[in-house]
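Report on one structure; see the data block that follows.
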Amino acid sequence: MIIPLAKRMEPKTLKDVLGQDELTGKGKVLQNMVKFKHPFSFILTGPPGIGKTSIAIALSNDLGMRCKVINATDSSKKDLDIAREEAKMYDGMILIIDEIHRLNKDKQDILLPMIESGLIVLIGMTTENPYHSINPAIRSRCEIFELKSLEKDDIIKGLKKAVKKELTDIKIDNKSLDLIATISGNDLRSAYNLLDICYMQNEDHKVDIDTVKIVNNKPVFFADKNGAGHYNVMSALQKSIRGSDVDAALHYTARLLAEGDLKTLERRLSVIAYEDIGMANPDIGVRLDAAINAAERVGLPEAIIPFGEIVCEMALSPKSNSSYLAINAAIDDINKGNVGEIPHHIVKGSPDYKYPHDYPNDYVYQEYLPKKLKNVKYYHPKANGYEINYKEVYDKLEKIKESHLK
């Protein structure tokens with residue numbers, strides 16, 4: 001059996017992990033877990049190829065605990081039953097669950113008692129936002145740690161280690177290693193795989209720039225010397241849509257599509273829809289979700305069609321950031337401690353609450369904000385696109401409020 005280079009390079013201990021020093025470095029939380037032999041359940045979140053599974057297994061090795069790895073996508077209730085029996089047999093075990101956000105309720109019901117009793121230490125892994133995608137019952141029993149994307153220097157360090165440790169007869173220069181790191185887009189697994197394929201292209205195992213370019217069929221324009229190019233493309237996409245430049249928006253969309261990076265494009269467009277278009281075209285979020293669903297259903301290359309259409313619509317849509325500014329202003333008050341007591345008449349069960357549906361036009365004036373924030377104004381509507389309709393309603397309500405305060 002041929003074992004892939006990426007598999008052979010998996011770290012055996014936390015000291016071998018690349019680029020996650022804030023979590024795995026000396027004196028940091030996972031190293032302290034090993035030092036004090038006090039394991040606890042946690043969830044690792046972050047993009048693919050940055051070492052979530054590797055960290056989990058390395059930690060298990062350092063703790064000297066038995067571990068079992070399953071994938072929530074294709075695991076069954078029987079797999080969890082087996083894990084429970086193994087944990088009983090070994091007086092505790094680390095259970096590593098990849099794609100944990102896909103764990104359905106039946107499986108969670110089996111898992112929860114094992115976590116609560118300490119029978120297993122759960123290490124979950126996900127590329128999704130755990131606060132949105134993981135059941136609260138699981139989430140509340142776990143710490144959540146976000147892994148950062150690897151820097152280009154981390155990728156090069158890993159490639160050089162692979163050359164020294166596994167591909168000892170390879171002939172490769174630093175420029176070729178640099179190109180492989182650039183092409184990988186911060187994905188160490190992808191970098192190892194590309195190096196491994198390049199290694200097998202010639203009998204003498206000589207790898208140069210031309211070898212890498214022949215093997216790789218992905219565009220490399222998104223990255224730059226400092227590894228920031230990919231993020232610059234996303235920034236340029238948002239600024240182009242915000243600035244209503246449809247041609248520029250299509251150009252930067254095409255860059256992400258050419259790389260095959262649908263997830264990044266989906267996340268960025270979702271942010272733009274609610275941050276930059278917002279109340280001026282409130283249907284844009286629904287239309288974007290429909291485009292994303294269509295794109296994922298048909299896959300590339302046809303996915304470019306719904307994305308092309310929605311990006312054109314977003315660029316040419318009226319814009320408003322009023323709701324974005326409003327929620328940030330509200331959060332800023334919370335962070336500063338400007339909260340106050342909830343008015344008594346709107347707390348649960350209060351007999352003084354006025355039920356709006358009992359009044360003409362389903363509206364009656366009463367104070368909803370805490371007294372401390374009585375006159376605060378977070379939302380300032382604009383007269384762009386559809387938001388002009390909300391502005392008219394807002395202005396009418398403000399006049400009613402003013403009349404009651406006189």
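The values are calculated or read from the model by the stated rules, or taken from the named source; none is laboratory data. The structure displayed is predicted, hence computed values, not measured ones. Every residue, glycine among them, receives a Cβ derived from its backbone with ideal geometry; neighbour counts consider all protein chains shown. These area figures cover heavy atoms from the full protein model, side chains too; ligands, DNA and RNA do not enter into them. Shrake-Rupley method; radii C 1.70, N 1.55, O 1.52, S 1.80 Å.
Worth a mention:
- Checking Asn186 against (1) in a loop (DSSP other than H, G, I, E, B); (2) open to solvent by 50 Å² or more (accessible area, probe 1.4 Å), the condition it does not meet: (2)
- Any hit, the stretch 386-393, residues being closer than 24 Å to Tyr324 by Cα, assigned to a loop (DSSP other than H, G, I, E, B) and at pLDDT 90 or above: yes
- Long-range neighbours under 7 Å by Cβ, at least six apart or interchain, first residue assigned to a helix (DSSP H, G or I) within the stretch 191-210, second open to solvent by 30 Å² or more (accessible area, probe 1.4 Å) and among the charged types (D, E, K, R): Ile209/Lys175
- Selection within the stretch 51-75 - under 27 Å from the mean Cα position of the chain (by Cα) and free of Cβ contacts under 8 Å to residues at least 12 places away in the same chain: Asp74
- Selected residue (criterion: least open to solvent (accessible area, probe 1.4 Å)) from residues of the stretch 35-74 that are part of a loop (DSSP other than H, G, I, E, B) and polar (S, T, N, Q): Ser41
- Selected residue (criterion: farthest from Ser244 (Cα to Cα)) from residues of the stretch 266-281 that are β-branched (Val, Ile, Thr) and either under 18 Å from the mean Cα position of the chain (by Cα) or open to solvent by 20 Å² or more (accessible area, probe 1.4 Å) (or both): Val271
- Taking the stretch 88-131 as the range and being in a helix (DSSP H, G or I), open to solvent by 50 Å² or more (accessible area, probe 1.4 Å) and not hydroxyl-bearing (Ser, Thr, Tyr) as the test, the residues that pass are Lys88, Met89, Arg102, Lys105, Asp106, Asp109, Pro113, Glu116.
- Which numbered condition Arg287 misses (of (1) charged (D, E, K, R); (2) within 22 Å of Gly243 (Cβ to Cβ); (3) free of Cβ contacts under 8 Å to residues at least 12 places away in the same chain): (3)
- Lone unmet requirement of (1) within 12 Å of the chain's Cα centre (by Cα); (2) on the phi > 0 side of the Ramachandran plot; (3) not aliphatic (A, V, I, L, M) for Gly118: (1)
- For the stretch 282-346, the helices (runs of 4 or more DSSP H) that sit wholly inside it and include 3 or more residues that are open to solvent by 90 Å² or more (accessible area, probe 1.4 Å) and over 17 Å from Arg267 (Cβ atoms) are 304-316, 322-335.
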